[in-house]
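The values are calculated or read from the model by the stated rules, or taken from the named source; none is laboratory data. Since the model is a prediction, treat every value here as computed from it, not as a measurement. Every residue, glycine among them, receives a Cβ derived from its backbone with ideal geometry; neighbour counts consider all protein chains shown.
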Amino acid sequence: MDRPWLAHYPPGVPAEIDASGYSSLVDLLEDCFRRHATRDASICMDARMTYRDLDETSQALAGWLQSLGLERGTRVALMMPNLPQYMVAIAAVLRAGYVVVNVNPLYTARELEHQLKDSGAQAIVVLENFAATLEEVIQRTEVRHVLLAAMGDMLGFWKGRLVNFAVRHAKRMVPEFRLPADEGHTVTRFNDAVAAGQRLPLKRPSLQPDDIAFLQYTGGTTGVSKGAMLLHRNVVANILQSEAWFAPALTFLGDKPLTIVCALPLYHIYALTACNFLGLRLGMTNLLVPNPRDIPGFIATLQKHKVHMFPAVNTLFNALINHPDFGRLDFSELQICNGGGMAVQQATAQQWHAITGCWIVEGYGLSETSPVATANRIDIQGFTGSIGLPMPSTDIAIRDDDGNDVPLGTAGEICIRGPQVMPGYWRRPDETAKVMTPDDFFRSGDIGVMDANGEVRIVDRKKDMILVSGFNVYPTEIEQVVGLHNAVLECAAVGVPDDKSGEAVKLFVVRKDGVAVDEEDLMRYCRDNFTGYKRPKYIEFRDELPKTNVGKILRRELRRAA
């Protein structure tokens with residue numbers, strides 16, 4: 001197929017990547033541990049973990065996991081916020097020859113039970129703060145081994161004890177729990193397991209490129225949450241693709257250690273690859289932020305460090321720029337701000353640049369693509385509104401409902417082919433058949449347009465499109481324009497039933513503090529900016545909008561409420 005995007009790649013970015021040098025993700029990780037041994041792999045609450053620490057601790061934990069007698073390929077769930085223990089556990093599970101199942105620590109018991117049952121996980125590493133949720137469901141799952149972590153486990157002896165006391169007693173953040181410890185279940189403290197593992201051998205498994213590394217569960221925003229099977233070769237490829245894309249923009253900084261902000265949750269595929277794995281590959285320090293919703297605390301953390309790379313979602317960028325202390329930070333070494341997970345809005349991008357001097361480089365991907373499929377050039381000097389160009393070794397096709405390629409400039413479903421694309425969903429051949437084409441493209445469910453340069457622009461998800469009197473209305477367009485209004489903090493557009501037009505547009509709006517705006521003001525603004533059928537028929541003001549734990553606005557929740 002034609003690849004018009006290759007002519008518009010930044011200097012130094014190759015058309016293809018070669019992942020043949022690594023037989024598994026473990027090989028790549030161990031190479032990182034060797035090359036960057038003396039550097040800091042993470043900083044969390046001022047505690048530092050070097051690459052050598054990460055190597056030795058994860059090897060010990062891997063040996064302990066193997067001592068449980070689990071078979072190769074066993075699924076091990078991880079249920080924690082961004083802590084050094086998480087980085088250690090990811091590496092340990094992979095090095096032991098098992099499969100990582102990332103779990104949102106804020107899941108309800110019902111959601112947790114579904115994921116544990118569906119994955120067939122036999123072990124779980126869980127922060128004690130969330131053990132009460134596990135207690136509710138563990139007897140109905142295959143989980144037999146619980147590794148119980150505490151917030152202060154890797155913060156040093158005295159600081160760790162102080163943090164654990166504060167979390168457990170002062171802040172009462174650990175609900176009472178009683179996990180089963182009988183003939184069929186074991187419960188072990190994280191640090192005890194690491195200490196025991198230091199006396200145990202690690203039997204290095206013979207991992208192959210096609211072995212499963214992760215069951216990465218989809219967000220569930222389009223139906224039942226499914227486990228995308230990400231193979232070792234899928235994740236290795238996306239790390240190398242991301243390195244190829246971003247590295248040229250960082251080379252002029254030299255070989256000094258760089259810091260990447262890891263505020264997005266590591267259980268999410270975006271942070272897993274863009275922060276954890278890419279950071280390790282480039283010898284960066286992951287600045288771990290366990291609770292990014294605490295914006296004052298987040299800003300206080302940023303104040304202590306000069307950061308070089310800042311991945312986030314629009315809602316997080318927006319929350320930071322609207323805090324009065326954010327503009328006082330030192331951004332002199334910030335080089336790359338990459339946005340994903342949801343559309344970056346123009347107003348957010350412009351205000352972020354005005355404060356930091358760095359444009360947000362928007363990219364696009366999904367759990368099923370490890371995740372990065374496209375990205376804007378790092379040297380952009382403005383808001384593009386596009387998701388950029390296909391990554392190296394990646395093909396993007398825009399297709400109609402019958403699977404035919406549409407002409408450039410015509411809207412259709414974005415389909416992705418490349419070494420980062422999953423082979424399918426865990427134990428769901430029916431769902432796999434719906435999204436994988438005979439020529440190995442993944443059907444994303446997103447509607448987009450490709451121009452003559454190969455640049456792709458998202459129009460919207462199929463399911464979110466609003467049909468008004470036979471005309472297509474795309475919520476992202478409405479949200480982008482309304483988001484430019486100086487009184488609007490956040491907004492979301494959904495379709496609601498209408499007797500005359502089939503559907504009508506309803507707009508949900510969160511006002512900025514201290515800025516007055518009413519329904520008539522926004523209606524007037526929309527009349528000035530949209531043709532008739534695109535204008536919202538209803539406007540509802542709210543104090544906040546429902547979001548996933550990654551920060552995506554949940555339009556489906558708003559549709560239900562509408």
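For segment 406-439, which positions are touching a residue at least 24 places away in the same chain (Cβ under 8 Å) and charged (D, E, K, R)? If the condition is that a residue be touching a residue at least 24 places away in the same chain (Cβ under 8 Å) and charged (D, E, K, R), then E413, R417, R427, R428, E431 are the ones that fit.
Please tell me if V473 is outside the structural domain of P407 (by TED's automatic domain parsing), within 18 Å of A561 (Cα to Cα) and either surrounded by fewer than 21 Cβ atoms within 10 Å (Cβ to Cβ) or hydrophobic (A, V, I, L, M, F, W, C) (or both). Talk me through it step by step, then tell me what you get.
Values: outside the structural domain of P407 (by TED's automatic domain parsing): yes; within 18 Å of A561 (Cα to Cα): no; either surrounded by fewer than 21 Cβ atoms within 10 Å (Cβ to Cβ) or hydrophobic (A, V, I, L, M, F, W, C) (or both): yes.
So V473 fails the test.
State whether the residues of segment 312-326 include one that is crowded, with 24+ Cβ neighbours inside 10 Å and either free of Cβ contacts under 8 Å to residues at least 12 places away in the same chain or within 23 Å of L253 (Cα to Cα) (or both). Yes; the residues of segment 312-326 include at least one that is crowded, with 24+ Cβ neighbours inside 10 Å and either free of Cβ contacts under 8 Å to residues at least 12 places away in the same chain or within 23 Å of L253 (Cα to Cα) (or both).
So, in segment 354-388, how many residues would count as being in contact (Cβ under 8 Å) with a residue 12 or more places away in the chain and part of a helix (DSSP H, G or I)? Walk me through it before giving the result.
First pass over segment 354-388, keeping only residues in contact (Cβ under 8 Å) with a residue 12 or more places away in the chain: 355-388.
Restricting the remaining residues to those that are part of a helix (DSSP H, G or I) gives 355-356, 367-369.
The qualifying residues number 5.
Taken together, the criteria place G454 among residues that are at positive phi and buried (at least 16 other Cβ atoms within 10 Å of the Cβ).
Do the conditions hold for T348, that is, is it part of a helix (DSSP H, G or I), surrounded by fewer than 24 Cβ atoms within 10 Å (Cβ to Cβ), touching a strand residue (DSSP E or B) at 6+ places or on another chain (Cβ under 9 Å) and in contact (Cβ under 8 Å) with a residue 24 or more places away in the chain? When the stated conditions are applied, T348 does not pass them.
Of the residues making up segment 301-351, those that are small (G, A, S) and closer than 24 Å to K256 by Cα are A312, S332. Filtering segment 289-306 down to residues that are surrounded by 20 or more Cβ atoms within 10 Å (Cβ to Cβ) and of a type in the set (A, V, I, L, M, F, W, C), which residue is nearest to L366 (Cα to Cα)? My answer is V289. Is there any pair linking a residue in segment 135-161 that is over 19 Å from S58 (Cα atoms) and assigned by TED's automatic domain parsing to the domain that holds A195 to one that is of a type in the set (F, W, Y) and at pLDDT 95 or above, with Cβ under 8 Å and at least six apart or on different chains, and which? Final answer for the pair search is E135/F177. Each residue in segment 294-317 was checked for being out of contact with any strand residue (DSSP E or B) (no Cβ under 7 Å at 6 or more places or on another chain) and closer than 18 Å to G339 by Cβ, and 4 pass. Listed by position, the strands (runs of 3 or more DSSP E) contained in segment 38-151 that have at least 2 residues being crowded, with 24+ Cβ neighbours inside 10 Å are 40-44, 75-79, 99-102, 123-127, 145-149.
Going through (1) surrounded by fewer than 20 Cβ atoms within 10 Å (Cβ to Cβ); (2) within 25 Å of the chain's Cα centre (by Cα); (3) outside the structural domain of T410 (by TED's automatic domain parsing) one by one, V449 falls short only on (3). I'm trying to understand the selection: among the residues of segment 516-562, which are touching a residue at least 12 places away in the same chain (Cβ under 8 Å), part of a loop (DSSP other than H, G, I, E, B) and not charged (D, E, K, R)? Selection gives A516, V517, F530, P536, L545, P546, T548, N549, V550, G551, L554, A562. Would it be correct to say that I539 is within 30 Å of P290 (Cβ to Cβ), in the same structural domain as L484 (by TED's automatic domain parsing) and in contact with a strand residue (DSSP E or B) (Cβ under 6 Å, 6 or more places away or on another chain)? No; evaluated as a whole, the condition is false for this residue. Which residue is nearest to N238 (Cα to Cα), if the candidates are limited to segment 368-409 and must be of a type in the set (V, I, T) and surrounded by fewer than 18 Cβ atoms within 10 Å (Cβ to Cβ)? Looking at the filtered set, the residue picked out is I380.
Residues in segment 523-562 that are among the β-branched types (V, I, T) and either loosely packed, with under 15 Cβ neighbours inside 10 Å or farther than 16 Å from V488 by Cα (or both): T531, T548, V550.
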